[in-house]
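To start, the structure itself, in structure tokens.
Taken together, the values in this text are just the output of simple stated rules run on the coordinates, not laboratory data. What you see is a predicted model, and the numbers here were worked out from it, not measured in a lab. Neighbour counts run over all protein chains shown; Cβ positions are idealised from the backbone, glycine included.
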Amino acid sequence: MLVILCPHCGPRNSDEFTFQGEVRPRPDVNGTDPGEWRRYLYLRENLADWVSERWFHVSGCRRYLMLERHTVTNEIRDVELVGGEQA
Amino acid sequence: MSKTPRFSAWNLFRQGISRSPWPRMWDHHDLESSYDVVIVGGGVHGLATAYYLARNHGITNVAVVEKSYIGSGGSGRNTAIVRSNYLTPEGSRFYDRSVKLYEGLADDLNFNVMFEQRGHMTLAHSDSSLRTMRWRAEVNKLEGIDSSVISPEAIKDLAPFLDITDHPRYPILGALWHPPGGIIRHDAVVWGYARAAHAMGAHIHQETEFTGINVADGKVTGVETTRGPIATETVINCTAGWASLVAAMAGIRLPIVTRPLQAAVTEPVRQFLHPVIVSGSLHTYVSQTARGELVFGASVDPFASYSTRGSLEFTTGLATHVVELMPAIANMRLLRQWAGLCDMTPDFGPIIGPTPVDGFFVDVGWGTYGFKAGPVAGEAVAGMIATGRPGELIAPFGLDRFESGTLTAEKGAAAVGH
């Protein structure tokens, strides 16, 4: 069982969240080409290491979270609300 | 190299009375300084590739490099289900060839792989899934694959313990019935390929971890392992779970996210369940082994991970679902659970073919359906290495499809449908 410390709701079971994958830089939509856009859509680092990820607290406060998770041990650290506390 | 003996009734009898031990099925070799082909990953894909390279193309100077023992990854962790009733014509054609190879595999390898074609039944719990099943059945029939939609009464005849009343949350409205599907002894497939490939000259290096790929001017020149370097111009990545990490050694990024998939097995009981039962809506599939255990599998875990630990959420969810399907098994006990790593691609199709690095090939991204494709993937990859280009069966599954946007669309039949 994975527990995520939601800054808004406190420690909650990961069942309440949806996993949205590793964070990756999005190309400038006005200056990109189809090849670059598809690489952004499909390619992943898929590291076995600490990874920055986005999660969505779908059955809780419905806020988006950024966190770091180790993909081998599933330890979680540095959970933050996307857009900060006030957003 | 010792001579590999033929398994036969006569040899079994002779060995029985001579009481001498059977010779080893494959030997340990020293790592040579160079090989024509280096295969990363000693699972069913890697070993089948080594076997077909030798048997079909006479390429025997081959090393299979495995970081643990052979069959320790996905090949030993899957639920051993074989079928070919996929949704797309290219998917059905591909897996149909695999089922055909599995049918003849015990003879080909002179090794009992215990393939039992008990029939494979995918349950429909809604009108929309019945519609998809009719679609799949028609695509399958056009490819010459035995596949049809059957009624709840016919389901009851084939699997009397299923609850076909309207009481469950997800009542059974029909099923896609695929008689050639079935279960196989997955370890025997790995051992059979290893023994046959070894007999023809391939070297199987267990406990040899792959640590790097040397690339010069866009071409593979060699590889690094924990037992020393190997000079080679051809490397095939046949790993599952670690495909992204091996590809990264050659500077290649793949469209893969690695997710665990959990499975579990019960205590053995008398035979009562003949076909393989699959329910997409309930995220589960179940079959009874020859030994009598029920083997359950699920869909992939809800987040990416390289961890193979089991979770309580999986067992409780699984129990709820299978008891809804078969109320009579409520008192059976689970013996153990485990997880395997699945390399998921965006379109639920595998990635087979060359990469931008000359001499570096991939046979990866097999998601949750890699085991059943082992023989055909090995045969096709061996053909690609020998001829220098991907054959017709694997042409739709190249890495370049993600650049050009010509994705396959296999999710409807591959997501949970084992």
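Summary of computed values
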item: Sparse-neighbourhood loop sites, GluC sites (Glu not before Pro) in region B:206-254 - DSSP loop, at most 16 other Cβ within 10 angstrom; result: B:207, B:209, B:233
item: Sum of side-chain charges, residue B:183 neighbourhood, beta-carbon under 9 Å (Lys, Arg +1; Asp, Glu -1); result: +1
item: Assigned charges on the beta-carbon of Lys, Arg, Asp, Glu; chain B dipole about Cα centre (debye); result: 920 debye
item: Among B:402, B:159, B:46 - extreme Cα towards positive end, dipole of the protein assembly as shown, charges at beta-carbon; result: B:159
item: Dipole in debye (nearest 20) - the protein assembly as shown, about Cα centre, beta carbon charges: Lys, Arg +1; Asp, Glu -1; result: 1120 debye
item: Relative contact order %, chain B, counting alpha carbon pairs below 8 Å whose residues are six or more apart; result: 23 percent
item: Only Lys, Arg (+1) and Asp, Glu (-1) charged, at Cβ; region B:307-407 dipole about Cα centre in debye; result: 480 debye
item: Candidates B:349, B:144, B:74, ranked by Gaussian network fluctuation over chain B, Cα under 10 Å, top entry; result: B:144
item: Cα-based helix-to-principal-axis angle, B:312-325 vs chain B, degrees rounded to 10; result: 50 degrees
item: Largest-first principal axis extents, alpha carbons of region A:11-83, Å; result: 42, 27, 18
item: Loop GluC sites (Glu not before Pro), region B:331-418, which have at most 15 other Cβ atoms in a 10 Å radius of their Cβ (DSSP); result: B:392
item: Filtered chymotrypsin sites (Phe, Trp or Tyr not before Pro), region B:205-296: DSSP coil and at most 16 other beta carbons within 10 Å; result: B:272
item: Excluding exposed DSSP-loop trypsin sites (Lys or Arg not before Pro) (at most 10 other C-beta within 10 Å), longest clean stretch of chain B; result: B:20-168
